[in-house]
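Visitor: Here's a structure for you.
What follows draws every value from the coordinates through simple rules; no lab data is involved. All figures in this text were calculated on a predicted structure; none of them were measured in a lab. Counting neighbours? That spans all protein chains shown, and the Cβs are built from the backbone with ideal geometry, glycine included.
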Amino acid sequence: MDAEFFRAWLAEVASVVESQRDHLTQLDAAIGDADHGINLARGFSAVIVALEQVSTPSPGTVLTLAGTTLISKVGGASGPLYGMAFRQAGKALGNAVQADLAALAAALEAALAGVQKLGAAREGEKTMVDALAPAVAALDKAVADGVPAGAALSALADAAAAGAKATISMQALKGRASYLGPRSVGHEDPGAASTALILGALRDVAAREHIP
Ligand code: ADP
Ligand code: MG
């Protein structure tokens with residue numbers, strides 16, 4: 001997977017986030033302040049503009065630029081957290097012009113570590129970590145088992161989607177939703193939902209670009 005592939009992923013993320021903007025905002029209306037879809041749509045459209053303006057010759061530079069842009073353009077909790085995730089992933093990929101599946105898995109591990117370092121959320125606290133952590137574990141397992149990229153990225157996306165749905169029954173212990181206490185139960189966490197969309201976009205782009 002080259003820089004072009006990672007740019008295609010971010011273009012797909014921007015498109016999916018835009019089409020799901022109202023849905024994400026409605027999820028945040030239930031347990032937050034109704035801005036998550038707006039925040040991410042603004043952020044990823046700014047990422048697309050930045051990628052048109054700045055040369056990104058390697059996968060690492062693509063993800064680092066995305067992270068830096070999200071930090072500068074998105075307020076709220078999710079901007080710094082997603083910004084950290086993409087920057088750490090970019091840093092993990094280094095300057096290599098190609099990233100194989102194992103490198104991508106390591107990059108997503110670094111993204112998760114960055115989110116947890118910044119936000120201090122553990123699994124089960126109803127945040128984006130509940131989608132990202134099982135997704136990273138599923139991809140790590142697929143890599144260890146020698147699963148081809150297409151199937152491995154499907155496992156990644158499926159685990160993220162299942163992790164997001166599993167937040168419905170959780171009580172929020174981090175972020176704005178935690179102010180609701182037990183009343184946060186019964187709603188899907190918006191950040192977990194957006195993480196599932198972002199990783200679903202990765203699977204879809206890999207399928208479209210015929211990554212084996
Ligand atoms: P804000 O809560 O500031 O309005 P957003 O609505 O854009 O920001 O994002 C909310 C999402 O951020 C939550 O649904 C949750 O997934 C995520 N989030 C909030 N705090 C944390 C945290 N400490 N660690 C991980 N994710 C968090
Ligand atoms: Mg919000």
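Visitor: Name the residue, out of G200, G150, that is of a type in the set (G, A, S), in contact (Cβ under 8 Å) with a residue 40 or more places away in the chain and in contact with a His (Cβ under 9 Å, 6 or more places away or on another chain).
Guide: Among G200, G150, only G150 is of a type in the set (G, A, S), in contact (Cβ under 8 Å) with a residue 40 or more places away in the chain and in contact with a His (Cβ under 9 Å, 6 or more places away or on another chain).
Visitor: Further question: Name the residues in region 114-131 that are crowded, with 16+ Cβ neighbours inside 10 Å, more than 8 Å from ligand 1 (Cβ to nearest atom) and more than 21 Å from L24 (Cα to Cα), would you?
Guide: Residue satisfying the conditions is G114 alone.
Visitor: Just one of A160, A206 is part of a helix (DSSP H, G or I) and over 19 Å from A11 (Cα atoms); which is it? Write out each step before concluding.
Guide: Details: A206 fails: over 19 Å from A11 (Cα atoms).
After applying the criteria, what remains is A160.
Visitor: What is the number of the single condition among (1) surrounded by 24 or more Cβ atoms within 10 Å (Cβ to Cβ); (2) under 12 Å from the mean Cα position of the chain (by Cα); (3) closer than 23 Å to G150 by Cβ that E109 does not meet?
Guide: (1)
Visitor: Could you please give the count of residues in region 166-182 that are more than 19 Å from the chain's Cα centre (by Cα), in a helix (DSSP H, G or I) and away from ligand 2 (no atom under 16 Å from the Cβ)?
Guide: Here the count works out to 3.
Visitor: Let me ask you something else. Among the listed residues A96, A8, A92, A29, which satisfies the condition of being without any contact (Cβ under 8 Å) to a residue 12 or more places away in the chain, among the hydrophobic types (A, V, I, L, M, F, W, C) and out of contact with any Leu (no Cβ under 8 Å at 6 or more places or on another chain)? Please lay out each step first, then the result.
Guide: Values: A96 fails: without any contact (Cβ under 8 Å) to a residue 12 or more places away in the chain; A8 fails: without any contact (Cβ under 8 Å) to a residue 12 or more places away in the chain; A92 fails: without any contact (Cβ under 8 Å) to a residue 12 or more places away in the chain.
Step by step, each of A96, A8, A92, A29 is checked, and only A29 is without any contact (Cβ under 8 Å) to a residue 12 or more places away in the chain, among the hydrophobic types (A, V, I, L, M, F, W, C) and out of contact with any Leu (no Cβ under 8 Å at 6 or more places or on another chain).
Visitor: Considering only residues that are surrounded by fewer than 24 Cβ atoms within 10 Å (Cβ to Cβ), within 16 Å of ligand 2 (Cβ to nearest atom) and of a type in the set (A, V, I, L, M, F, W, C), which ones fall in region 32-55?
Guide: A34, I38, A41
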